[in-house]
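A short write-up of the structure that comes next.
The values are calculated or read from the model by the stated rules, or taken from the named source; none is laboratory data. Bear in mind that the values here come from a model prediction, so they are computed numbers and not experimental data. Note that we place each Cβ from the backbone using ideal geometry, even for glycine, and neighbour counts take in every protein chain shown. Please note that ligands, DNA and RNA were not included when accessible areas were found on the heavy atoms of the full protein model with its side chains. Shrake-Rupley method; radii C 1.70, N 1.55, O 1.52, S 1.80 Å.
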Amino acid sequence: MDKPISNKIKKSNYRNYLLFTLTICIAAVVLTIANSSIDTGKTYNVEKQNLVVDTVKQSTFTEFLPLRGLVQPEETIFIDTIDGGRVEEVFVQEGALVEQGQAILKLSNTNLQLNVLAREAEVSEQINNMRNTRLALEQNQLSLKRDVIELDFSVLRLQKDFNRHKALIKKNIISQQAFERVEDELAFQIKYRETVKESQEKEAILQSQQLAQLEQSIKTLQSNLAISRSSLDKLIIRAPRAGQLTFLDARVGESKRDGERLGQVDLIDQYKVSAQVDEFYVSRVAKGQIASFESAQKSYQLIVSKVYPGINNGTFKVDFKLQSQQIAQTLRLGQSLQMKFNLSSSESKLLLANGGFIQSSAGSWAFVVDPSGATASKRTIRLGRKNPQSIEVISGLLAGDRVITSSYASFADAQQLNLSN
């Protein structure tokens with residue numbers, strides 16, 4: 001006999017049903033969220049032939065900067081005009097090898113020639129005047145010497161007369177007055193001679209000083225005259241040193257101003273290599289660092305010899321000295337060299353080839369190909385220093401991992417790639 005179900009049992013079953021349904025819904029939501037967090041990206045089909053894949057490997061790493069250097073002379077001497085003029089004749093042309101003192105061109109300057117002639121006449125006149133003055137001083141000195149000689153003779157004659165009169169006065173042959181006259185005259189001549197001699201000594205010292213000054217003045221004027229004459233000689237422009245005349249700006253009939261640049265001579269016995277470096281590396285470049293270049297399948301080293309302080313258009317200039325003068329003999333002025341400038345020493349590092357993927361990922365992630373080669377998945381990585389060939393791997397990759405290093409521009413938002421042939 002059936003029994004009726006109570007309302008209490010009906011209510012309990014209904015609550016259990018509601019609780020079960022709610023549990024199922026919550027589980028579905030959680031599973032959906034979990035699936036969403038696991039795979040939020042897209043999957044792309046990519047052909048392998050459009051990709052570049054590189055294998056991570058342990059190798060020697062050197063951080064270097066590619067530079068284009070220019071072969072230049074170790075020293076350049078510029079040729080400027082001292083006194084301007086008109087170009088009369090050009091003896092050599094650009095590119096010619098010249099010896100020290102060799103005539104390069106000839107200028108003419110009428111005003112300079114007239115000024116030099118006038119200066120020569122003026123200096124010659126002054127020299128003649130000084131020579132006349134010196135002659136007059138010498139004659140005056142000779143005249144004083146002659147006066148002293150005459151006074152010596154007078155004193156000697158009076159001394160003899162005084163001695164004779166002294167003997168005669170004792171015998172009362174002459175008068176006292178005659179004796180005193182001779183005695184007084186002798187005393188006067190002796191004092192006068194002493195005065196003249198003293199004057200002569202002072203005059204001789206003064207004349208000696210004046211003659212020395214005149215001699216020095218004459219030498220100075222003669223030196224000035226030589227300088228004036230050399231101005232005419234400098235109208236012929238000569239090579240200051242032996243080398244190559246790499247620049248000459250002069251044409252026959254052209255007028256040149258004082259101090260104007262005419263050309264330059266490069267000393268070609270030694271070369272240097274100059275390069276422009278980006279200002280980003282200004283704190284990492286110093287004298288003594290090493291660079292290299294290849295020529296005829298051989299590598300040659302250069303060393304930084306000078307770092308210029310100024311920055312122009314975002315770059316600064318660096319000079320490199322060639323370590324081997326043998327290779328210098330095969331280079332030509334103005335030749336370009338492709339150089340590798342080392343910014344660090346060589347170290348063993350985990351390396352990945354440099355490629356276009358850096359532009360999309362900024363080195364924070366990369367697509368790593370699975371061992372089967374059928375797929376590639378996005379992986380978080382950390383990269384360090386780089387050079388144009390390779391990048392240092394800090395974390396996220398192991399030796400042997402195969403990484404897509406070509407550009408990610410067409411699938412940067414993907415989480416996984418299916419690789420097809």
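For the stretch 286-372, the equivalent ellipsoid built from the Cα gyration tensor has semi-axes of 34, 19, 14 Å, listed from largest to smallest.
For the stretch 385-395, backbone phi angles converted through the Karplus equation (6.51, -1.76, 1.60; θ = phi - 60°) give residue-by-residue couplings of 5, 8, 10, x, 9, 9, 10, 6, 9, 9, 7 Hz, Gly and Pro being listed as x. Of 271, 113, 398, whose Cα points farthest to the positive end of the dipole of the chain (charges on the beta-carbon: +1 Lys, Arg; -1 Asp, Glu; origin at the Cα centre)? The residue sitting most towards the positive pole is 398.
For the stretch 342-355, backbone phi angles converted through the Karplus equation (6.51, -1.76, 1.60; θ = phi - 60°) give residue-by-residue couplings of 6, 9, 8, 7, 6, 9, 8, 9, 7, 10, 10, 5, 6, x Hz, Gly and Pro being listed as x.
Ligands, DNA and RNA are left out, and with a 1.4 angstrom probe the accessible area of the chain is 64 Å² per residue. Its DSSP H runs of at least 4 residues, each contributing -39,500 (n - 2.57), put the calculated 222 nm mean residue ellipticity of the chain at -14000 deg cm²/dmol, to the nearest 500. Label zone (residue 242, point 7 Å along Cα-to-C-beta; backbone nitrogen cut-off 12 Å) within the stretch 309-333: none. Cα extents for the stretch 66-143 along the principal axes, largest to smallest and rounded to whole angstrom: 89, 30, 20. Peptide packing for 138-144, 377-383 was compared via the average number of neighbouring C-beta atoms within 10 Å per residue; ordered from the highest value, the list is 377-383, 138-144.
Apolar share of the accessible surface for the stretch 134-198: 53 percent from carbon plus sulfur atoms, 1.4 Å probe.
Take each peptide in 178-187, 204-213, count the other Cβ atoms within 10 Å of every residue, and average; sorted highest first, the result is 178-187, 204-213.
Taking a ≥ b ≥ c as the square roots of the eigenvalues of the Cα gyration tensor, the stretch 265-305 is classed as oblate, since a/c reaches at least 1.5 and a/b does not exceed b/c. At q = 0.12, 0.22 Å⁻¹ the log10 of I(q)/I(0) for the stretch 112-220 amounts to -0.62, -1.07, computed by Debye summation with a single uniform scatterer per C-alpha, solvent ignored. Compared with the alpha-carbon gap, the fully stretched path from residue 59 to residue 124 is longer by 15.0 nm at 0.36 nm per residue. For residue 385, the residues 5 or more places off, or on other chains, whose built amide H falls under 5 Å of its own are 392. Listed values for the stretch 115-127 are Karplus-derived 3J(HN,Hα) couplings in whole Hz (6.51 cos²θ - 1.76 cosθ + 1.60, θ = phi - 60°), namely 5, 5, 4, 5, 5, 4, 5, 5, 5, 4, 5, 5, 5, and x replaces Gly and Pro.
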